[in-house]
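Undergrad: Dumping the structure here so I can ask a few things about it.
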């Protein structure tokens, strides 16, 4: 997914330029089934758009566009607290919905990871003002929102390396197998445990016994 920075000019209605200390990420959906991320960004600077409303990042099936610096206020939450403490992310409703949601999940997980935050830092527009937003995640009593957070948590775990290498062989397995072929069998595959002095002596003893046997066999 491409990430573009296209900041809109400072202006009273959309980007006042006021710095904020962010504590949350607030999720929205655009409520426009035909609008792309670029359309949404361009609408913010359209002269006919006289609403005092904005957001920080918009994401669609192709790209994410940052329209307002993430440390500045945007008018997206419908409440002073939400606006002054959170980054607003708009999810487009146009195009391939599944791909757009996948991009949103990756974007949000990356932002959480960079800030050392968990999914407990995620908010809906609904949480601030009671508005049915993000609408695309409100079906079945917000089942979509629950799944979105679950997907973000999985992606965040991957970024943290949790469960990432579950199916990847440990580098020590090659040596374990080589020892086994040489007749030196260990009780288990404790690759990352610290070895005690007694275990080290036992291992060396087994190795020397096997070496002696091999020498006798060659004679």
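The values are calculated or read from the model by the stated rules, or taken from the named source; none is laboratory data. This is a predicted model, so every value here is computed, not measured. Here the Cβ is made from the backbone with ideal geometry for all residues, glycine too, and neighbour counts use every protein chain on show.
Undergrad: Within the range 121-135, can you find the residues that are touching a strand residue (DSSP E or B) at 6+ places or on another chain (Cβ under 9 Å) and either closer than 14 Å to residue 86 by Cα or surrounded by 22 or more Cβ atoms within 10 Å (Cβ to Cβ) (or both)?
TA: Scanning the range 121-135 gives 121, 122, 123, 124, 125, 127, 128, 133, 134.
Undergrad: While we're on this one: Among the helices (runs of 4 or more DSSP H) confined wholly to the range 129-219, which include 1 or more residues that are under 21 Å from residue 106 (Cβ atoms) and at pLDDT 70 or above?
TA: So the answer is 139-160.
Undergrad: Quick check, is residue 21 under 24 Å from residue 152 (Cα atoms) and in a loop (DSSP other than H, G, I, E, B)?
TA: Numbers: under 24 Å from residue 152 (Cα atoms): yes; in a loop (DSSP other than H, G, I, E, B): yes.
Here the answer is yes, as residue 21 does meet what is asked.
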